[in-house]
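> The structure is given below, and queries will be raised subsequently.
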Amino acid sequence: MEPRETAAATAGGGSRGEIFIFNGPLSGTRTVASADATITGSFANESFGASIASAGDINGDGVNDIIIGAPRFPLNGADTGRAYVFFGPVSGSLIATQADAIIFGEAVNDDFGVAVAGGKDINGDGRPDVIVGADQLFVTTGAGKAYVFYGPLSGNIQAANADAILTGEVNRDLFGMSVTSVVTSMAMALVM
C-alpha cells in the first residue's frame, strides 16, 4: 500500500517559502528536521507554499502528486506568481524550479497561486485536473480568476493557456481566493 503524504508549509527566510513533506502513517511528534522531503522556493518573496494541495495522480504512475502555490506577494518587486506540480513520491531536498510542471501566472501582481486544488477529474478523461486561483488582490482593477488545467501536466505552462478560465463578477470580488473541486457523476462544481 502506498504511504500517504502530508505536507505542511512555513515561510522561509525572505518569504522565499519552504514546505516539508511527511510520509504517513503519522504518529507521535515529528519536527521539520525529520521531514521526508523539503522543497524550498526559488527566489526571495516568492511566498512558495502559500497554498498546497494533493494533485491526485496527474502523471498516471500510481503515486499521488502535489501542487504548491507561490503567489509572489508584491513586497519587494512584482511577478505573476506560479503554481508548481511535483510528481510523487517526493523525497530529499529540492528547490521549486525542479518541479515537473510550472504554471506561470497571467499578469503581474494577480496573486496567481494564492489557492490551489486538485485530485479530481473535472473533464471526465480519467486523469486528475488542477485549479489555481488568482484573486487579483494587489491590482487596481480585477474581479479575480480561477484557472482550470486538465491533466496530465508537464513542463512550463502559461495561465493564459488554461483549459478554462473563470472570472468574478465585479472589481475587487477576490474571486479565486479559495478554490476546490467537487465532482459528481453529473456535474462539476467550483467553490470560490
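The values are calculated or read from the model by the stated rules, or taken from the named source; none is laboratory data. No experiment lies behind these values; they were computed from the predicted model shown. Positions of Cβ are backbone-derived with ideal geometry, glycine not excepted, and every protein chain shown enters the neighbour counts. Areas reflect the complete protein model, heavy atoms only, side chains present, ligands, DNA and RNA absent. Shrake-Rupley method; radii C 1.70, N 1.55, O 1.52, S 1.80 Å.
> Mind checking the per residue accessible area of segment 33-133 for me, 1.4 Å probe, whole number of Å²?
For segment 33-133, the solvent-accessible area averages 33 Å² per residue.
> Decide, for segment 20-156, between rounded, prolate and oblate: order the square roots of the alpha carbon gyration tensor eigenvalues as a ≥ b ≥ c, take rounded if a/c falls under 1.5, and otherwise choose prolate if a/b is larger than b/c, else oblate. Show your work: numbers first, answer last.
Values: a/c = 2.04, a/b = 1.24, b/c = 1.64.
Because a/c hits 1.5 or more and a/b fails to exceed b/c, segment 20-156 counts as oblate.
> Projected onto the charge dipole of segment 33-158 (+1 at Lys/Arg Cβ, -1 at Asp/Glu Cβ, origin at the Cα centre), which of ILE157, PHE138, SER93 gives the Cα projection farthest towards the positive end?
Projecting each Cα onto the dipole axis, the largest value belongs to PHE138.
> Tell me the label-point distance for the pair THR31, ASP121, using the 7 Å Cα-to-Cβ offset, in nm and rounded to one decimal.
4.4
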